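Single-structure report; data block below.
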Amino acid sequence: MFKLKRAQCTNCLLCMQACSWAHESPLQSLAYSRIRIEDDWPEVKTIGVCVGCPKKPCITACNDDALVWDGFLRLDKEKCTGCLDCVDACTFKGIQVDPRDSLPLICDTCDDAFKCVAQCPTGAIRRM
């Protein structure tokens, strides 16, 4: 899904804005972005997004069978109880929490359009 180059991230947040716009227009709040940039200067920034890791510990952690892999991680909101075990299990900080309903927010690749990648001016986030 993604290849991340954290050292190239300038913290411009254009990826987060593109994600929020793609999913939550007209709200456009960065709180609804499925990708997160955390800057803990002088440490290298953290780019939190589902990278489709091979082991998928988030799926294993979900006792409700609410997560499935289908080219990207899909959440069945009807099955999800909001325990957020998937968030804790993700070693890439790739699952965010929706501030409205406290359910997981997960990258869906913008229907294969990868809006965050298109907006990244430095190549810190790339499509694989």
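A few comments on the model shown:
- Evaluation of Trp41 against the conditions (1) under 18 Å from Lys115 (Cα atoms); (2) out of contact with any Lys or Arg (no Cβ under 6 Å at 6 or more places or on another chain); (3) not basic (Lys, Arg) shows that the sole unmet condition is (1).
- Only one entry in Ala61, Ala89, Ala31 is modelled with pLDDT under 95 and aliphatic (A, V, I, L, M), namely Ala31.
- Of the strands (runs of 3 or more DSSP E) that lie entirely inside the stretch 1-93, those containing 2 or more residues that are surrounded by 15 or more Cβ atoms within 10 Å (Cβ to Cβ) span 2-4, 36-38, 46-48, 73-75.
- Within the stretch 34-62, tally of residues that are out of contact with any strand residue (DSSP E or B) (no Cβ under 7 Å at 6 or more places or on another chain) and within 19 Å of Asp76 (Cα to Cα): 5
- Flag set for Asp98, criterion: over 17 Å from Arg6 (Cβ atoms), open to solvent by less than 30 Å² (accessible area, probe 1.4 Å) and not hydroxyl-bearing (Ser, Thr, Tyr).
- Those residues of the stretch 106-128 which are open to solvent by 10 Å² or more (accessible area, probe 1.4 Å), under 16 Å from Leu13 (Cβ atoms) and of a type in the set (A, V, I, L, M), in sequence order: Val117, Ala118
The values are calculated or read from the model by the stated rules, or taken from the named source; none is laboratory data. Note that this is a predicted model, so its numbers are computed, not measured. Please note: Cβ atoms are built from the backbone with ideal geometry, for glycine as well, and neighbour counts cover all protein chains shown. What goes into the accessible areas is simple: the full protein's heavy atoms, side chains included, and nothing from ligands, DNA or RNA. Shrake-Rupley method; radii C 1.70, N 1.55, O 1.52, S 1.80 Å.
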